[in-house]
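See below for the structure under consideration.
The values are calculated or read from the model by the stated rules, or taken from the named source; none is laboratory data. Since this is a predicted model, take the numbers as computed values, not measurements. Cβ sites come from the backbone with ideal geometry, for glycine too, and all protein chains shown count toward neighbours.
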Amino acid sequence: MRRKVNKMGKTKFINLGLIAILIVGIVFISGCVQEQGQTGTPPEKTQTPQTPQATTSKYSPANINLFASAKEGEVIRFYFLLEDANGRNTPGDGHVKVEIFDDLSNSLYYKEFDVKASEFVDYQFKLTGQGIGKAYEWRVPISEIKKGVSSFGFGRAVLTFVTPGGKELHAEDTMVPIPTYTEEELVQMAEEEYNKNAITVNKKIRKGNFEVTVTKAGFFSPYEWGEKKQYFRVDMEVKNVGSESDYFSPSGMAIIDDQGNQYESTFGGTLDTFSKIYPGVTKKGYVLFEGVPTSATSVKLVFELGYDENFNPYLFEYNLDLK
């Protein structure tokens, strides 16, 4: 007997085979396309422009914990320590500005320079050896610092530390040893300044036994105990033109400005206003007045000296044009 073949089953088998072949072909073609994409030139990518970033540092100094100095021979050793926001010692990159002033705020020294965190060193007190953290140190020759005015030989150093982010940290050291002017040099400087700016007067008045000449006048700024004072100064020559000795003892000596304000004489002048002068002798010196405004364009010097035959005091008046 022959076996009958089911046509429907045969057709179904053929269709399933074709589908399987198609699937394998698609997978093969897909794999070839993928492999070709990997070995070929990749498509060009569009790059997004990068926004410039501010300079940053892994260190975050928030304050200058200590700034100090010490004189060692002919140099001054400066050092400072930084700390973060939590008060912990830290080194740091930055830009340093340092300026030294005297008692009158005259600038004696200025310098700027960059520092790196790697340049900070372990620091300790020399006397005790106690470590105080990472510090930056540099040295300044005293010869590079100008002479200044100071009562005790110390100046003031101002330190500015600028972080990479632009933040400014500030500190001061008020005990910086500085070269200072001698008393003689200060006197000479004040005298030279006065002579340069004073007006020449040369006005002479003769009454009784005295001939008093005002030679110069102007503002005078001597240095007193680390301060620059301000006076109005009148230079005079006093001569006894009488036949016998007499006391030079003016009374009521004052300056009257162009606004009608009066200013009395004060201590510190070199003219002795109570002295016995012999006939033919001339004494020279100056008298000081406090409070006269530098804006005054003219003033009057007045005082009384000696008496006439009616026992009325002689009045000496000098109009001084300060323009």
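Some notes on this structure:
- Among residues of the range 196-212, those that are in contact (Cβ under 8 Å) with a residue 12 or more places away in the chain and under 50 Å from the mean Cα position of the chain (by Cα), counted: 9
- Flag if A157 is modelled with pLDDT of 95 or more, closer than 16 Å to P61 by Cβ, among the small types (G, A, S) and surrounded by 12 or more Cβ atoms within 10 Å (Cβ to Cβ): no
- Hits in the range 262-317 (condition: of a type in the set (F, W, Y), under 36 Å from the mean Cα position of the chain (by Cα), modelled with pLDDT of 95 or more and part of a loop (DSSP other than H, G, I, E, B)): none
- Any chance S143 is under 30 Å from T182 (Cα atoms), surrounded by 14 or more Cβ atoms within 10 Å (Cβ to Cβ) and either among the polar types (S, T, N, Q) or free of Cβ contacts under 8 Å to residues at least 40 places away in the same chain (or both): no
- One residue stands out in the range 190-241 among those that are modelled with pLDDT under 95 and in a strand (DSSP E or B): the one that is farthest from K284 (Cα to Cα), namely E227.
- Counted residues, the range 111-140 - those being without any contact (Cβ under 8 Å) to a residue 60 or more places away in the chain and within 30 Å of L186 (Cβ to Cβ): 1
- Within the option set T163, T182, being of a type in the set (V, I, T), over 16 Å from the mean Cα position of the chain (by Cα) and over 20 Å from L66 (Cα atoms) holds for one residue only, T182.
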